[in-house]
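See below for the structure under consideration.
Coordinate-derived values only; no laboratory data. Everything quoted here is computed from the prediction, not taken from an experiment. Cβ placement follows ideal geometry from the backbone for every residue including glycine, while neighbour counts extend to all protein chains displayed.
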Amino acid sequence: METKYKIITNKQELKKLIQCCKQTGYASVDFETNAEPIYNKSFKPTILSVTFQPGFGCSIPLDHFETEKYTSSDWDWKKMLRKFGEEIIENPNVVKVAWNYKFDDQIFQKYNIYYRGVCLDGMLAKYLLNEEKPNDLKSMVRRYLPEYGDYEKQDKFDKIPWDKKEMEPLCHYGCQDTDYTLRLMLFFEKKLIDLGLYNTYRNLIMTASRVLTSVEKNGLYVDRAFNQELLDSYLPKIEAAKEAIYNLPKIKKFTKLYNQSKIEKYIAKLEEEIENLDPRVDNRKIQSREQKIANIRAGVFTTKKELELIRPVSLGSSVDLPQLMYSEEGFNFEVIKKNDSGKPSTDEETLTNLRLTVKKPDSPKAVFLDSLLELRGLEKMYKTYIEGWHEKTQDDDRLHGRFLIHGTTSGRLSSAEPNAQQIPKTSVDPNIKKQLVAPKGTLYIASDFSQAELRIMAHLSGDETYLNAFNSGQDPHLAIAATKYHVPYEEALKIYEDENHPDYKIWKVRRKQAKQIAFGLIYGIGAKLLAVKLSDPKSGILVTPEEAQKEMDIFFGQHPKLKTFLKKQEKFLRKNGYLVSLFGRKRRLPQIYSSDKGEEAYALRLALNFPCQSAASDMCLFGSILIYYLMRQGKLPPTKSVCLVHDANYQITKPENINTWSIYEMWQIYRNPLTKPYFGFQIDDVTMDMDFVIGRSMAEELPFIPGYDYRKMLEPDFSVEEYMEEHKKYKHIPISEYKKRFNKQMKQYEEDFKRTHGMEI
């Protein structure tokens with residue numbers, strides 16, 4: 001098919017482009033920018049490319065250095081962009097198409113343009129059809145449109161900085177993107193329909209994309225002053241941790257021997273060079289090397305190369321650290337894992353597993369491994385969450401990370417720049433989350449699904465023990481532990497909640513182990529990894545893989561319906577080569593037919609993992625979608641979602657929006673989202689319970705108190721201790737009872753909201 005791409009040069013041509021989009025009912029769009037972050041002042045959209053039918057494309061010049069060269073004298077690119085946005089993007093009768101529409105949508109919103117009607121994202125369609133990577137447009141063109149192979153042959157153009165690319169080749173580049181995106185999307189749309197995936201695509205994937213656009217746009221507000229404090233304070237901590245390792249007697253001894261060995265090799269090399277030199281010709285070179293040898297033997301090191309011979313062992317070196325850990329002169333650890341290059345591994349998993357082999361917590365090996373793991377933790381915190389966030393914070397003082405629907409094969413969200421799915425828990429280091437504060441006059445409210453994956457597992461398998469625990473309001477892990485040790489649940493709970501009870505620590509461990517076994521099965525881990533999860537070397541708890549396997553066998557013996565469910569999943573997988581989630585997602589697993597037993601085992605592990613993990617994630621996602629749209633319709637108080645972390649939705653809102661009625665309403669929506677009209681199923685045997693926490697920062701996770709005036713939390717004299725004392729009065733009142741106990745109060749809140757629901761945060 002012939003292609004025709006052109007640059008829009010005046011208002012008349014723009015008007016014609018708009019008419020063409022209305023006639024075909026399609027507008028495939030793609031911004032080219034100067035590659036700066038969207039929310040930095042330096043950001044510039046350079047062109048907007050548009051395709052209304054395959055083979056035709058136009059580029060609208062925006063903030064490009066050649067715009068005046070191509071356009072008429074009365075061209076105002078912001079007005080032209082606004083004109084196109086009003087007529088096409090905000091037109092519900094025109095289908096919007098893009099590849100990764102979240103990016104383009106945020107740019108449109110930056111200029112107060114908000115799409116209406118149907119929007120189709122080719123990248124997300126491709127992901128739902130085939131979750132395997134790659135997901136980039138060029139790869140898809142190469143696979144499905146091989147006749148346009150010249151598309152990828154743009155190496156020279158790609159190397160030019162984005163703010164230096166000339167208009168004409170940029171127009172061709174952008175129009176190819178929109179043209180091929182439209183061609184692919186028309187193909188993908190039909191395929192989605194044929195495979196019965198279109199409903200999932202429209203009602204879950206695309207609606208979620210809309211919500212995530214808002215989440216990315218809102219961003220996480222960073223306390224820059226506190227971030228700077230951490231930048232200044234963490235480096236001394238890291239240096240102190242290094243110094244503590246270097247002062248270990250074993251390290252000192254090894255360093256001396258290791259450096260002496262390097263010195264001897266260096267001297268031997270110099271002596272060999274002297275022997276190969278001719279005194280008649282190279283006398284000065286000979287003298288130079290003899291002097292170097294004399295200086296080194298006298299302890300004088302001058303050059304950079306010579307100073308390297310006496311430096312401390314590098315704890316991050318791929319050469320030094322393996323020598324320290326695995327040589328006879330060092331700690332002489334057993335090699336239990338090798339990296340991709342075939343060398344002994346020094347990664348965190350290996351260090352942890354090695355630590356489990358050391359029985360005495362005060363032995364040199366144990367002290368070294370504990371110290372090195374602590375150092376690794378500090379370095380990770382600094383590089384990722386302190387220095388990393390400092391660099392990624394944009395000009396509006398926010399982290400605008402990307403939330404990826406297509407980032408995992410399980411269906412769970414992933415994120416990047418920064419990775420919000422791996423923010424460390426408050427218990428690891430509360431200072432990390434303290435950097436993420438609510439903007440002035442607002443508070444964080446986090447709604448967190450409670451044991452979502454276990455609830456899905458209970459529903460899918462019909463396991464009575466878990467269903468009864470959830471439906472009676474029991475802690476399922478503690479209930480499982482109580483059953484195992486033949487102790488009434490109420491008695492176990494009493495001990496577990498009393499820190500002064502002599503058996504408190506024992507029941508903490510028992511509950512933790514029950515939790516690790518349950519989640520271990522969901523994640524498909526083997527006995528070896530479960531042993532690591534169940535062990536706590538510092539507390540003297542060491543579990544062998546054999547003991548872990550025995551625990552797994554006992555668990556399945558106590559939960560026969562789980563085993564039956566697994567067998568059904570395996571049977572379905574072997575017959576079809578894929579698994580299906582409650583929401584209609586398909587996970588293709590051709591590894592089930594592999595002759596490689598490892599690959600086959602991998603597919604079987606996912607037989608339980610995928611349906612539980614995927615459905616739990618989608619339940620959280622769909623609940624967030626419902627909250628978002630109900631809020632936009634004025635049926636819930638205004639909030640802004642700023643981060644989705646696994647099964648939790650972090651929002652910011654004014655304190656007066658946090659009350660007994662709004663919490664109850666959100667809980668009603670989240671605990672069992674109305675899925676049947678959209679996906680054909682409804683979970684009736686167990687509900688998806690929620691925990692709600694409030695705070696001035698993401699680190700401050702205070703439990704909700706019915707009737708509390710949350711404006712007090714923003715006052716200078718607010719006391720967390722007094723708040724928690726107040727909470728003791730309400731801690732045992734479940735949200736399900738709010739309507740019975742606080743009905744009058746809730747009605748008043750609802751009436752107040754209806755009078756003021758148009759207020760923005």
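What whole-number distance in Å separates the alpha-carbon centres of region 85-121 and region 250-322? Going from one Cα centre to the other spans 65 Å. Summing charges over all other residues whose Cβ lies under 12 Å from the Cβ of PRO734, with Lys and Arg as +1 and Asp and Glu as -1, gives +2. Take every Cα pair under 8 Å whose residues are at least 6 apart in sequence, average their separation, divide by the length of region 232-376, and the relative contact order is 25 percent. Using the rule -39500 (n - 2.57) for each DSSP H run of four or more residues, divided by the residues of the chain, the 222 nm mean residue ellipticity is -15500 deg cm²/dmol. Inter-label distance, LYS575 to ASP158: 4.5 nm, where each label sits 7 Å from its Cα along the C-beta direction.
Remark: relative contact order (the chain) = 12 percent; criterion is Cα-Cα distance under 8 angstrom and separation of 6 or more residues.
The Cα center of region 638-662 and the Cα center of region 462-506 differ in position by 31 Å. Translational diffusion of region 406-463 was estimated from the Stokes-Einstein equation, with Rh taken as the Kirkwood radius over Cα pairs; at 10 °C and 1.306 mPa s the coefficient is 108 µm²/s. Between PHE718 and GLU168, full extension at 0.36 nm per residue minus the direct alpha carbon distance yields a gain of 192.0 nm. Normalised by the number of residues in region 685-761, the average gap of Cα pairs under 8 Å and 6 or more apart makes the relative contact order 20 percent.
Summed over all non-identical Cα pairs, the Kirkwood treatment of region 617-756 gives a radius of 16.2 Å.
Within the chain, antiparallel bridges make up roughly 80 percent of the DSSP beta bridges whose residues both belong there. Take the Cβ atoms of GLU86 and GLU349, set R0 to 60 Å, and the FRET efficiency comes out at 0.65. Express in whole angstrom the spacing between the alpha-carbon centres of region 517-534 and region 138-213. Computed from Cα coordinates, the inter-centre distance equals 40 Å.
Which of the pairs LYS433/LYS635; LYS69/LYS156; LYS337/LYS575; LYS4/LYS69; LYS265/LYS285 have their Cα atoms more than 28 Å apart in this structure? Exceeds cut-off: LYS433/LYS635; LYS337/LYS575.
Ignoring solvent entirely, what values of log10 I(q)/I(0) come out of the Debye formula for region 681-721 at 0.15, 0.22, 0.26, 0.34 Å⁻¹ when each Cα is a single scatterer? For region 681-721, the Cα-only Debye profile gives -0.51, -0.79, -1.00, -1.34. Farthest towards the positive end of the charge dipole of region 617-756, among the residues ILE669, PHE679, THR756, is the Cα of THR756, using unit charges on the Cβ of Lys, Arg, Asp and Glu.
Within the same chain, aspartates and glutamates fewer than 8 places from LYS343 are excluded, and of the rest, those with a Cα less than 19 Å from its Cα are ASP320, GLU328, GLU329, GLU334.
Pairwise inverse Cα distances across the chain, averaged and inverted, put the Kirkwood hydrodynamic radius at 30.4 Å. Hey, what does the equivalent ellipsoid look like for region 4-195, semi-axes from the Cα gyration tensor as sqrt of 5 times each eigenvalue, largest first, whole Å? Equivalent ellipsoid of region 4-195: 25, 20, 16 Å, largest first.
Placing a label point 7 Å from the Cα of SER472 along the Cα-to-Cβ line, the residues of region 487-508 whose backbone N sits under 13 Å from it are 487-493. Average 1/r across all pairs of distinct alpha carbons in region 453-615, invert it, and you get the Kirkwood radius: 17.0 Å.
A Förster radius of 51 Å, combined with the Cβ-Cβ distance separating TYR602 from GLU308, puts the computed FRET efficiency at roughly 0.70. The Kirkwood radius of region 158-201, taken over pairs of alpha-carbon atoms, gives through the Stokes-Einstein law at 4 °C and 1.567 mPa s a diffusion coefficient of 103 µm² s⁻¹. Normalise the Debye intensity by I(0) for region 387-513, one equal point scatterer per Cα, no solvent, then take log10 at q = 0.10, 0.13 Å⁻¹ and round to two decimals. For the requested q values the scattering log ratios are -0.55, -0.83. Net charge in the neighbourhood of SER345 (other residues with Cβ under 13 Å of its Cβ; Lys, Arg +1, Asp, Glu -1) is -2. Here region 132-272 is described by how far its Cα atoms reach on the three principal axes: 70, 49, 39 Å, from widest to narrowest. Here LYS512 is the anchor, and the aspartates and glutamates within straight C-alpha reach of less than 15 Å, apart from those fewer than 8 places off in the same chain, are ASP475, GLU497, ASP503, ASP536, GLU551.
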